[in-house]
Each structure stands twice: as structure tokens, then as C-alpha cells.
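Undergrad: My structure is below; once you've seen it, I'll send some questions.
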Ligand SMILES: NC(=O)NC1=NC(=O)NC1=O
């Protein structure tokens, strides 16, 4: 899908295609649609990042709360979005042994109790070991610092989803 096609999408089609570039936050696509035409994908990504950065603290916390826990309830109940399921699979989170799953779940609970939102990391750039390591590390962060780091991870997830969406469409 070249950028001309992206720019020509109706609002409905634009949100259909890009509505989940930020997990369960179609508002992001709905907001940046107004900023067409984009010169290229990088400019569209900048518009998305600028929108996320413009959110209040509670808005950013809301974006994070829309993310499923890693190897958590949604995975076990089969209610993950296709994007998230594939990302968690690639990171090896869908084949944890019970002890690993329990340990990760305990860390997720600790994290959510401390920060008030789930631990978010770009799973496609990590594996089970690095995710667990970063979760333990980030648990020690101050809330303001951790909110910033977590939002940077959301942007990484978004960039990879955008790239795979455009690449996928180019194969059509
Ligand atoms: N809590 C999370 O980090 N969730 C996720 N990370 C990803 O890369 N995809 C997700 O759904």
C-alpha cells in the first residue's frame, strides 16, 4: 500500500486498516486521519507519536491499560487481538511452562499494583528472557520515568504494526 493509497482511504477504511496500530485504541487512527495527506509512512508515524505525546498523563495511562497483560488472562481465554497474539507468540509467551507462566504473572501483578497499568513492552523485539529481565528492572523505576518508558514501547509496537500493515498491503 503506497502512501497515496493510504491518503485516499475513507475515514471508515482508514480506521478499519489502522485502528489497532495502538492496541485497542482506534481513537489514535481516528485522530490522525485528519492530518492527511502524509508525505510518507514516517510522517504518518510521527503524527501518531505526536498524538500519543499530546495525551495527558491519565490519557497515556489509559492507552497502556488497553494493552493485554503478557501471557495473561486474555491469552488463556483466547481473547487477544490477532496482532497481540502473534506478537506474544513470536516472543515465546504462548509456550511457557506452568512455572514460567506463574512467575511472569506474579511480576505482572506486582507491576500493575505499583504503576496502575500493565507492563507493556514491544514483544517482537524481545523474548521471554528479556521480557522478564526488563519487567524486573522496570519495576524499580519511578512512576513518571516508567510511564515515559512504557509509552515508548507502545510507539515501538505501533511502528512495527504500521510497517507490517503497509508491507502486507503491498503484497496484495
Ligand atoms: N502488555 C504488552 O506488552 N502487550 C503487548 N506487547 C506487544 O508487543 N503486543 C502486546 O499485546
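Undergrad: Rounded to the nearest 500 deg cm²/dmol, what is the calculated helix-only ellipticity per residue at 222 nm for the chain, with -39500 (n - 2.57) per DSSP H run of length n ≥ 4?
TA: -20500 deg cm²/dmol
Undergrad: Top mean-square fluctuation among 20, 126, 40, Gaussian network model of the chain, C-alpha springs under 10 Å?
TA: Largest GNM mean-square fluctuation: 40.
Undergrad: Just want to confirm a number: the relative contact order over the chain, from Cα pairs under 8 angstrom separated by 6+ residues, in percent. Don't skip to the answer; put the middle values down first.
TA: Values: 164 pairs, mean separation 45.5, N = 172.
RCO, the chain: 26 percent.
Undergrad: Over 21 Å, how big is the tail of the calculated P(r) for the chain, in percent of all Cα pairs?
TA: Working: 7096 of 14706 pairs.
The calculated P(r) of the chain puts 48 percent of pairs beyond 21 Å.
Undergrad: Can you compute log10 of I(q)/I(0) for the stretch 97-151 with the Debye formula, treating each Cα as one identical point scatterer, at q = 0.12, 0.26 Å⁻¹?
TA: Computed log10 I(q)/I(0) values: -0.25, -1.12.
Undergrad: I've got another one for you. Expressed in nm to one decimal, what extension gain is obtained for the pair residue 8 and residue 94 from 0.36 nm per residue of sequence separation less their Cα-Cα distance? Don't jump to the answer; show the numbers that get you there.
TA: Details: separation 86, 0.36 × 86 = 30.96 nm, distance 3.77 nm.
Taking residue 8 through residue 94 to full extension adds about 27.2 nm, to one decimal.
Undergrad: At R0 = 30 Å, how high is the FRET efficiency between residue 39 and residue 101 if r is their beta carbon distance? Nearest 0.05 is fine.
TA: On the way: r = 45 Å, r/R0 = 1.49.
Efficiency for this residue pair is about 0.10.
Undergrad: Here is a further query. Considering only 98, 143, 26, give the residue with the highest GNM mean-square fluctuation for the chain, with springs between Cα atoms whenever their separation is below 10 Å.
TA: Result: 98 has the largest fluctuation of those listed.
Undergrad: To the nearest whole percent, what portion of all C-alpha pairs in the stretch 81-172 is separated by more than 15 angstrom?
TA: Roughly 63 percent, rounded to a whole number.
Undergrad: Once you've got the GNM for the chain with C-alpha springs shorter than 10 Å, pick whichever of 153, 142, 74 has the biggest mean-square fluctuation.
TA: So, out of 153, 142, 74, the one fluctuating most is 142.
Undergrad: For the stretch 66-154, what relative contact order do you get, as a whole percent, if you take Cα pairs closer than 8 Å and at least 6 residues apart?
TA: After rounding, I find 31 percent.
Undergrad: If r is the Cβ-Cβ distance from residue 73 to residue 163 and R0 is 41 Å, what FRET efficiency results, to the nearest 0.05? Mind dumping the intermediate values first?
TA: Working: r = 29 Å, r/R0 = 0.70.
Calculated transfer efficiency: 0.90.
Bear in mind these aren't lab numbers, they're just calculated from the coordinates by the rules spelled out. The structure presented is a predicted model; accordingly, all values stated were derived computationally and were not measured. Here the Cβ is made from the backbone with ideal geometry for all residues, glycine too, and neighbour counts use every protein chain on show.
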